[in-house]
Amino acid sequence: MLNMLEDFIALLLLLLRLPSGTTVPLSSFYSYGSAAGDTLLPPNDDGSSPSIPLPAPFLFFGTYYSTIFVNNNGDLSFGQTWSSYVPTQFPIPTYPVVAIYQADVDTRANDIRALTGTNVSLQWLFIATWDHVGYCCSGTDKTNTFQAVLATDSVRSYAVFQYADGLIQWPSNGAQVGFNAGNNVNYVNIPGSRTPYILNIAGNSNVGIGGQWIFLISQGWPSLYKDDDHFLKE
């Protein structure tokens with residue numbers, strides 16, 4: 001299993017062409033937007049995409065899911081939408097959630113969109129990008145740009161979080177980053193979540209590239225997770 005994960009990381013680093021120890025520029029995100037065949041999420045506050053069928057079931061903490069929702073407030077959910085705009089500490093019941101940067105996103109003020117798309121690699125990749133998104137209520141003086149990539153080989157499931165260098169600018173009171181299985185058993189709160197230190201996430205990593213985080217999320221606790229509640233404060 002470790003070799004498979006290492007192979008996936010090597011593939012990702014090859015695609016990004018970034019040496020260890022650097023940060024992730026926006027130009028090195030996976031392709032997104034209309035040119036990549038993405039579907040645009042209309043301007044909204046606390047909204048979600050329609051149910052998106054996945055090319056094959058995705059194993060998340062021991063449960064297979066066949067559909068996914070992209071929620072405007074910086075997260076993905078399985079089986080149902082999740083509209084919470086308050087950064088929420090996990091665990092929470094009922095809602096299986098992948099929180100990339102959950103906060104009070106508001107895209108009503110301009111043409112900024114959250115973007116969703118599906119591309120084929122391994123068995124498949126699902127890519128969701130929040131591109132220069134503002135905050136409630138219709139704030140655009142500070143914006144965030146981040147991307148989630150879910151990938152599977154039909155047996156193992158991976159999550160890649162990417163945060164563009166210099167483009168995580170709000171909120172000053174913290175966002176939630178982590179995973180929630182919805183069963184009150186399997187969950188992760190990335191250290192610094194819901195505190196001002198989460199703004200440093202674009203300069204930190206669990207794989208040696210600032211702003212890039214990779215997790216194995218098929219069963220139990222995510223692999224490659226560094227349980228160090230001080231690293232975001234450095």
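The values are calculated or read from the model by the stated rules, or taken from the named source; none is laboratory data. Since we're looking at a predicted model, the values are computed, not measured. Don't worry about glycine lacking a Cβ; one is built from the backbone with ideal geometry, like all the others, and counts go over all protein chains shown. Protein only, heavy atoms only, side chains kept; ligands, DNA and RNA dropped before computing areas. Shrake-Rupley method; radii C 1.70, N 1.55, O 1.52, S 1.80 Å.
Brief remarks follow.
- So ALA159, is it part of a strand (DSSP E or B), in contact with a helix residue (DSSP H, G or I) (Cβ under 7 Å, 6 or more places away or on another chain) and modelled with pLDDT of 90 or more: no
- Filtered residue count, the stretch 32-52, keeping only those that are in a strand (DSSP E or B) and over 20 Å from ILE217 (Cβ atoms): 5
- Output for the stretch 55-80, where each listed residue is buried (at least 18 other Cβ atoms within 10 Å of the Cβ) and farther than 18 Å from ASN186 by Cα: ILE68, PHE69, VAL70, ASN71, ASN72, ASN73, GLY74
- Hits in the stretch 182-204 (condition: within 23 Å of GLY220 (Cβ to Cβ) and crowded, with 23+ Cβ neighbours inside 10 Å): GLY182, ILE190, SER193
- Restricting the stretch 67-100 to residues that are among the hydroxyl-bearing types (Ser, Thr, Tyr) and part of a strand (DSSP E or B), the residue that is nearest to ILE214 (Cα to Cα) is SER77.
- Enumeration of residues in the stretch 19-66 that are modelled with pLDDT of 90 or more and touching a Leu at 6+ places or on another chain (Cβ under 9 Å): GLY47, SER48, SER49, LEU54, PHE58, PHE60, TYR65, SER66
- Residue in the stretch 128-160 that is farthest from PRO43 (Cα to Cα), counting only those that are open to solvent by 40 Å² or more (accessible area, probe 1.4 Å) and among the small types (Gly, Ala, Ser): SER154
- With respect to the conditions (1) modelled with pLDDT under 85; (2) aromatic (Phe, Trp, Tyr); (3) within 23 Å of CYS136 (Cβ to Cβ), PHE69 lacks only one, and its number is (1).
- Hey, SER172 within 15 Å of the chain's Cα centre (by Cα), modelled with pLDDT under 90 and open to solvent by 20 Å² or more (accessible area, probe 1.4 Å) or not: no
- In the set VAL207, VAL185, VAL160, VAL177, only one residue is farther than 28 Å from SER31 by Cβ, in contact (Cβ under 8 Å) with a residue 60 or more places away in the chain and β-branched (Val, Ile, Thr); that residue is VAL185.
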